[in-house]
Every structure is written in C-alpha cells, then in structure tokens.
Amino acid sequence: MSELFDKHGGFRRLHSFTLATIVQLDTLRFCRKFLTFDHRELATKFYDPKGRQYDQMTQAARSGRQNIIEGSERSATSKDTEMKLTDVARASLSELRGDYEVFILDRGQLPWSVHDPEAKAVNAISLDEAPFTDDMVHESAKHALEQRKKYARWLDSDDAVVVANVMLIILGRVLKMLKRQKEAQGQAFEETGGFSERLMTRRIEAREQQRNADSPDCPQCGKAMRRRTSAKGEFWGCSTFPDCKGTRPV
C-alpha cells in the first residue's frame, strides 16, 4: 500500500535552517547594537528614530527562519504549501539582504567585492553536518551556535559595515540553498504527487481490497482472485494475470 504522508519536520538538519538561525540571531544583535538611536552618537549610529528599520529587519529575519520551519512541517500533507512557504522564506531574506545593502551604501561605502580577501575568507567557510541524536531542540541550538563561531571574527566586530557585509554574504548563501530546496520540492511533487493524489490512491486501494475480501482461490494456481470486468460482465480473474489466466464466474 502506498505511503499516505510525506516525511516531514527534518528542517533542523538543513544547512539553510542553521544559517537562517544565525541570520535571525545576528540581525537582532545588529539592530540592538547599530540601529538604536542615541543623539550623542549620531556619528556612529544609524538614524532610525521611530524604530521602523529595526522592526522591518528583525521581522524579515524571523520570517525567513519561521517559514522554513512551517514549510517543512506542512510538507506531510501539502507539497504545494511547502514550496510556497519556502518561497516566502526566500522573499523575506531577500528583503533583509536589501536592508543590509542600503545600510552600507548609506555609510558612503560599497558592499565587498567577491574578490575582496575578506569576502573570500567568509565564502570559504563550510558548515558541519548536524550531529543530532535524541535531543533535537537542544542539539540544534548548540549546532547553530557552534557554526556561528566560524563567522564570529566578523559578526562580533564593532564596525557596522563589516558586520553588514558578512550578513550579505551569509544571506546570499541561504538564498541559494533555498532556491535549490524549492527546485527539489518541485521535482519530488512531479515524481510522487502530493497528499491529495496519494489519498485518492489509498481510497482506491482500500475499495479494491474490500471488493476482493471474499475472493475465491484460482482453480489453476491456487492464488487469490480479483473481480474483473469484460464486455460480458464481471468475473473472477487470477491476481497473478498474465502469468496465470485462471478465471471463475462471479
């Protein structure tokens, strides 16, 4: 019998989720550190007197991570919803990347070139696989913090432009991962269908089992028989057809 529900909820093992967690944590740190308005520090603080930039950036970071979670959980019953939520995660993180880019430009500087030594160093960082056993939430959080340490020399900088540049690179990496995830989700849907299709298949299988519950044995091979229909009406046919062509009248 076909599987009714897709595997779901494995988001904690995704590199995209690990990086999205780092993005949310460090966007909160960035906003507290560099977007808090202080009239005595106008030379170093970003001017955001009403906190709108703070709210938009922290909400975009949260949306990216949370939609990865929700999409993974919803994949059990809807591949379509999973793909849509993965796309929402990408859109939110793309918006956040735009905020970091404008922050750098507003300081009269340019984002790092891909040829910049610092950019190359950040791009060269590889993530470890998540070593989970039986304590998923605890180990997932620990794993994210361990991976953050690889970026700490830039993320803990007192130079806001340095932090913003590293966040741009990390966000670009997450966006590429989410794009590949969405493509893989689309391919899986194309190959295996979604919950609705499998539910219909399950109903047909159950109906067929019910119809054949009292089937007789094949007079030729002794295997179970199935109801079949021909131009002359219903009859019992061997379930191993065409290997065996035994029949009985209904």
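Tabulated results
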item: Qualifying residues in region 58-76 (those that are buried (at least 18 other Cβ atoms within 10 Å of the Cβ) and more than 11 Å from the chain's Cα centre (by Cα)) - the one farthest from Gly186 (Cα to Cα); result: Thr58
item: Residues located in region 217-248, provided they are assigned to a loop (DSSP other than H, G, I, E, B) and of a type in the set (A, V, I, L, M, F, W, C); result: Cys218, Cys221, Ala231, Phe241, Cys244
item: Which numbered condition Lys149 fails, given (1) farther than 16 Å from Gly64 by Cβ; (2) in contact with a helix residue (DSSP H, G or I) (Cβ under 6 Å, 6 or more places away or on another chain); result: (2)
item: Neighbours by Cβ (under 6 Å, 6+ apart or cross-chain): first from region 221-250, β-branched (Val, Ile, Thr); second exposed (fewer than 13 other Cβ atoms within 10 Å of the Cβ); result: Val250/Glu234
item: Residue check, Leu145 in contact (Cβ under 8 Å) with a residue 12 or more places away in the chain and either assigned by TED's automatic domain parsing to the domain that holds Leu105 or of a type in the set (S, T, N, Q) (or both); result: no
item: Flag for Lys176 being outside any loop (DSSP other than H, G, I, E, B) and surrounded by 13 or more Cβ atoms within 10 Å (Cβ to Cβ); result: no
item: Yes/no for Ala121 being under 24 Å from Leu35 (Cα atoms) and modelled with pLDDT of 95 or more; result: no
item: Residue match in region 60-80 (condition: modelled with pLDDT of 95 or more and farther than 17 Å from Ser16 by Cβ); result: no
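The values are calculated or read from the model by the stated rules, or taken from the named source; none is laboratory data. Values in this document were obtained by computation on a predicted structure and should not be read as measured data. Virtual Cβ from ideal backbone geometry, glycine too; neighbours counted across all protein chains shown.
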